[in-house]
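Report on one structure; see the data block that follows.
The values are calculated or read from the model by the stated rules, or taken from the named source; none is laboratory data. On a predicted model such as this, the values are computed, not experimentally measured, just so you know. When we count neighbours, we look across all protein chains shown, and the Cβ atoms used for this are built from the backbone with ideal geometry, even at glycine.
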Amino acid sequence: MVKKKACIFISGSGTNLKSIIKSTRDYNFPINIELVISNKKTAKGINYAKKYSIPYQTITDKKKFEHFALRIIRLKKIQIICLAGFMRVLSKDFVRKFKGKIINIHPSLLPKFKGLDTFNRVLKAKEKFTGCTVHFVNEKLDNGKIIIKKKIAINKFFDEKELKNSVQILEYKAYSEAIRKIYSFS
Ligand code: GRF
């Protein structure tokens, strides 16, 4: 099996990155992580790239981010970009260049609760269920075609932190499943 070359974009703790790295150890997993790009120097997730000897770049300059990212992505012949806690909205131009090749994970059952501060809003809305969604990225925020959703019941005693922990455990499964799913027909 020829694995697709993937780049993971991160901004923070990188626990989704870590779980994808673990999945890539499986011979049958369809992607290999060739590059990690962070827009934050302090992103803890960079440590996973270091630990597992994955090439990484930090590009902190807002204006130059896409230009530099594009250059290295092309150089490395990246075939899929996975946004994993990447806290910046990509330009329409960038998204068009990689149409159908950028995926993202969002900590809600989309189309519900797009955008930031998700867990707090879910709790305030007294939802009975929540979850996470892996979707293709298009020009609109958290709006592209859904690949996979995973759902959990909300324990009414949960605070924001507990809810986040539960959803994130779900995310780790969802992201790798979604990656397997998009390549299962090709
Ligand atoms: C995740 O909850 C993801 O849904 C959201 O940002 C968080 C990233 O966590 N987009 P991590 O950096 O993967 O630990």
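Things worth noting here:
- Flag for Leu141 being touching a Lys or Arg at 6+ places or on another chain (Cβ under 7 Å) and within 14 Å of the ligand (Cβ to nearest atom): yes
- Residues of the range 87-106 classified as more than 16 Å from Lys140 (Cβ to Cβ) and out of contact with any Asp or Glu (no Cβ under 7 Å at 6 or more places or on another chain), total: 3
- Residue in the range 125-139 that is buried (at least 20 other Cβ atoms within 10 Å of the Cβ), of a type outside the set (Lys, Arg) and part of a loop (DSSP other than H, G, I, E, B) present: yes
- Tabulated pairs, the range 8-26, first on the phi > 0 side of the Ramachandran plot, second among the polar types (S, T, N, Q), C-beta under 8 angstrom, 6+ apart or interchain: Gly14/Asn47
- Flag for Ile147 being of a type in the set (A, V, I, L, M), under 30 Å from Ile59 (Cα atoms), assigned to a helix (DSSP H, G or I) and modelled with pLDDT of 95 or more: no
- Single residue of Ile21, Ile33, Ile72, Ile10 found to be farther than 20 Å from Arg96 by Cβ, surrounded by fewer than 21 Cβ atoms within 10 Å (Cβ to Cβ) and of a type in the set (A, V, I, L, M, F, W, C): Ile21
- The range 145-163 - residue that is more than 12 Å from the ligand (Cβ to nearest atom) and within 19 Å of Ile20 (Cβ to Cβ) and, of those, surrounded by the fewest Cβ atoms within 10 Å (Cβ to Cβ): Ile146
- The range 164-186, subset more than 17 Å from Ser13 (Cα to Cα) and of a type in the set (A, V, I, L, M), residue farthest from the ligand (Cβ to nearest atom): Ile182
- Residues of the range 140-183 satisfying the condition of being touching a Pro at 6+ places or on another chain (Cβ under 8 Å) and either free of Cβ contacts under 8 Å to residues at least 24 places away in the same chain or hydroxyl-bearing (Ser, Thr, Tyr) (or both): Tyr183
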